[in-house]
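Data block below; observations after.
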Amino acid sequence: MSLPKVTLVGGPTALIEVGGFRLLTDPTFDGPGEYRLPHVTLKKISSPALTAHEVGAVDAVLLSHDQHSDNLDNSGRAFVSEAPRVLTTIAGAQRLGGRSEGLLPWETKRLTKPDGNSLQVTATPARHGPAGIEPLSGDVIGFVLAFDDGRTRPIYVTGDTVWYDGVAEVARRFRPGIVLLFAGSAQTRGPFHLTMDTNDAIETAHAFPGATIVPLHYEGWAHFTQNRDDLEKAFGALGFGSQLQLLEPGVATTIAPRSS
């Protein structure tokens, strides 16, 4: 079994190295600053642990959505423009053009190396906030990475979503060994969260009992209302602490799935 290595770059950006592939989630490489969006201003408060140059070449970018700067900032757009493949939403691919490929939920694409090694990427549904938020938030997807070796467990990247039926359906269809969970309980539009809070994260851990839960996207931006301490306390208090693996920024960490 090939054990993945995951390096937290910052915010939603993580480098996944597995089976000879290098995949990057939601590229954000800018330093601190403000981004004015149509309905809100986002404030970035810390720099990434690694630069785009230090990350280096990747086989593909897994972009959950392009319309929010905390998931794709200015330097991230430059990185995407040079990437050999970019998998994202249908609307995002139309906006970005170039090598971007749009996927609907449950649609799949295959990545293949010159030596014949391959993996299958399945887009998964995501809802970026409470029911009814879609006209404001726009389309978002997550990803499941499935491997052909018969030994490596799938990896699930939630993208920006809350816990809802779409995430539960991923649990019914797949048995991932690792869940890269976008957390932070982001709040920008009102008294509700747009990404998973600790309750959502616990629901996800419960739905994927055989998976190691690796949180991303809970630091670096002013609109996050929960941090790694909140996650650690919640998982510990409710008996899910053994499922939680927190990453140190910039450090390539081998992630082992739990036995299920």
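Across the chain, the mean sequence separation of Cα contacts (distance under 8 Å, 6 or more residues apart), normalised by length, yields a relative contact order of 19 percent. Taking each residue as 0.36 nm, the span from R36 to N117 lengthens on full extension beyond its C-alpha to C-alpha distance by 25.0 nm.
Using +1 at the Cβ of each Lys and Arg and -1 at the Cβ of each Asp and Glu in the chain, identify which of A14, G236, M196 lies farthest towards the dipole's positive end. Looking along the dipole axis, the top candidate is A14. Based on the Kirkwood approach, the hydrodynamic radius assigned to the range 13-52 is 12.0 Å, with every pair of different Cα atoms included.
Remark: the range 76-89, residue by residue, has Karplus-estimated 3J(HN,Hα) of x, 5, 5, 5, 4, 5, 9, 6, x, 8, 10, 9, 7, 6 Hz, where x stands for each Gly or Pro and the curve is 6.51 cos²θ - 1.76 cosθ + 1.60 at θ = phi - 60°. Projected onto its three principal axes, the C-alpha set of the range 5-79 covers 41, 21, 18 Å, listed from the longest axis down.
Take the Cα of R228, step 7 Å along the line toward its Cβ, and report every residue of the range 6-39 whose backbone nitrogen sits under 19 Å from that point. Residues passing the 19 Å test: 6-17, 25, 28-29, 32. Within the chain, the proportion of C-alpha pairs whose separation exceeds 28 Å stands at 25%. Shown in residue order for the range 202-219 are the 3J(HN,Hα) couplings computed by the Karplus curve 6.51 cos²θ - 1.76 cosθ + 1.60 at θ = phi - 60°: 5, 4, 5, 4, 5, 6, 10, x, x, 9, 7, 9, 10, x, 10, 6, 10, 9 Hz (x for Gly and Pro).
Binning the C-alpha pair distances of the range 68-181 at 10 Å intervals from 0 yields a P(r) profile of 13, 42, 35, 9, 0 %, listed from the shortest bin outward. Backbone amide hydrogens, once placed in the peptide plane, bring A14 within less than 5 Å of V9, T25, excluding anything fewer than 5 places away on its chain. Of the peptides 31-39, 210-218, the ranking by mean beta-carbon count within 10 Å, highest at the top, reads 210-218, 31-39. Farthest toward the dipole's positive end in the range 105-211, which of P114, A146, Q187, given Cβ charges of +1 (Lys, Arg) and -1 (Asp, Glu) about the Cα centre? The Cα lying farthest towards the positive end belongs to P114.
What residues of the range 172-200 lie in the reach of a label at H206, counting those whose backbone N is under 11 Å from a point 7 Å from the Cα along Cα→Cβ? Correct set: 199-200. Shown in residue order for the range 47-63 are the 3J(HN,Hα) couplings computed by the Karplus curve 6.51 cos²θ - 1.76 cosθ + 1.60 at θ = phi - 60°: 8, x, 6, 9, 7, 4, 4, 5, 5, x, 5, 10, 7, 6, 9, 9, 9 Hz (x for Gly and Pro).
Using Cβ point charges alone (K and R +1, D and E -1), the dipole size of the range 1-88 about the Cα centre works out to roughly 60 debye. Net charge dipole, the range 136-228: roughly 200 debye, given to the nearest 20, about the Cα centre with Cβ charges of +1 for Lys and Arg and -1 for Asp and Glu.
Considering only alpha-carbon pairs that sit under 8 angstrom and 6 or more positions apart, the relative contact order computed for the range 31-185 is 14 percent. For the residue pairs K109/K233; K43/K109; K5/K109; K5/K233, the alpha carbons lie more than 27 Å apart in K109/K233; K43/K109.
One compactness figure for the range 38-132 is 1.19, namely its Cα radius of gyration divided by 2.2 N^0.38 Å. Amide H contacts under 5 Å for S64: D26, restricted to partners 5 or more places along the chain or on a different chain, H placed in the peptide plane at 1.01 Å from N. Eigen-decomposition of the gyration tensor built on the alpha-carbon atoms of the range 170-225 gives equivalent ellipsoid semi-axes of 23, 12, 8 angstrom, largest listed first. Within a Cβ distance under 11 Å of G20, other residues only, what is the Lys/Arg minus Asp/Glu net charge? Summing Lys/Arg as +1 and Asp/Glu as -1 gives -2. Here the range 162-260 has an Rg and Dmax of 13.2, 40 Å, counting Cα atoms alone.
Since every read-out is calculated from the coordinates, none of them should be taken as a lab result. Being a predicted model, the structure only gives us computed values, none of them experimental. In this analysis, Cβ positions are derived from the backbone assuming ideal geometry, glycine residues included, and neighbour counts consider all displayed protein chains.
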